[in-house]
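See structure below.
The values are calculated or read from the model by the stated rules, or taken from the named source; none is laboratory data. The structure presented is a predicted model; accordingly, all values stated were derived computationally and were not measured. Neighbour counts run over all protein chains shown; Cβ positions are idealised from the backbone, glycine included. Note: areas computed on protein heavy atoms with side chains; ligands, DNA, RNA excluded. Shrake-Rupley method; radii C 1.70, N 1.55, O 1.52, S 1.80 Å.
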Amino acid sequence: MTNHENNHQGTPSAGERPDTSPEDHERQEHPHPHIWIASLADYNNGRLHGAWVDATRDPEDLEQAAWRILAGSPEPDAEEWVIHDYDGFGRLQLGEYESFEDLSAVANGIAEHGPAFVAWSEIVWDGGGPLDHDVLTEFPDYYMGHHDSPEAWAEAMCNDLGYTLEAGAQLPEAMQPYVRLDYQAFAEDMRLSGEVSFTESPEGGVWVFRSL
């Protein structure tokens, strides 16, 4: 289960969530992640009872919101919540029982840094183990920007560092435009050596990160 495009049994769309303040609409430059918290007892009895909740809240606030949802259930034995839908988390593969601590940490990073933080979360969370919150917050130290391609990143980096083809200066001026660095091979070697990683963006291009 990933996001609200795969709504769980008619979950209201994120645009209909009642848990959105006017301030949220002023922050549309970056996704503002929400989660749909539902009562499991209601779901098991064929009823949809839940609410969209701002996932950037503190974990304690998210838990309190979950308890309020259960308290409003018509089921007398509503004692367990489940997360049935996600909005604003991009392509992250998230399940029904993710911890509020992890979701809050990721959601706040996405709200602050945008979709690139989704890619960073995938890298940090790789392998299905526990989420390292300390590494997650080091996003600015590892993020090297968005580029049209790995080759474009390599060219930009070489230009920034002032790398030049000194041998080209020994060629006739008419031949110098035909001599250039193999940026594609350089980028691939940097990836294979573990120096950097490239993650494709759904909107095109790649996000570049220093490797962990």
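Counting pairs of alpha carbon atoms under 8 Å apart in space and at least six apart in sequence, what relative contact order in percent does the stretch 85-154 give? Numbers along the way, then the final one.
Values: 33 pairs, mean separation 17.8, N = 70.
With pairs under 8 Å counted, the relative contact order is 25 percent.
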Open item on the list: I need the peptides 103-114, 41-52 ranked by packing, meaning the mean over residues of other C-beta atoms within 10 angstrom, with the highest value on top.
Closed with: 103-114, 41-52
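Ranked by accessible surface with a 1.4 Å probe, highest first, in what order do Leu181, Leu40 come? Walk me through the numbers on the way to the answer.
Values: Leu181 55, Leu40 30 Å².
Descending accessible area places them as Leu181, Leu40.
Below 8 Å, C-alpha to C-alpha, sequence gap of six or more: please give me the relative contact order for the stretch 88-212 in percent. Intermediate results must be reported in sequence, preceding the final value.
Numbers: 112 pairs, mean separation 32.2, N = 125.
Here the relative contact order equals 26 percent.
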Task: Distance (nanometres) between label positions extended 7 Å along Cα→Cβ at Asp189 and Thr137 - done: 3.8 nm
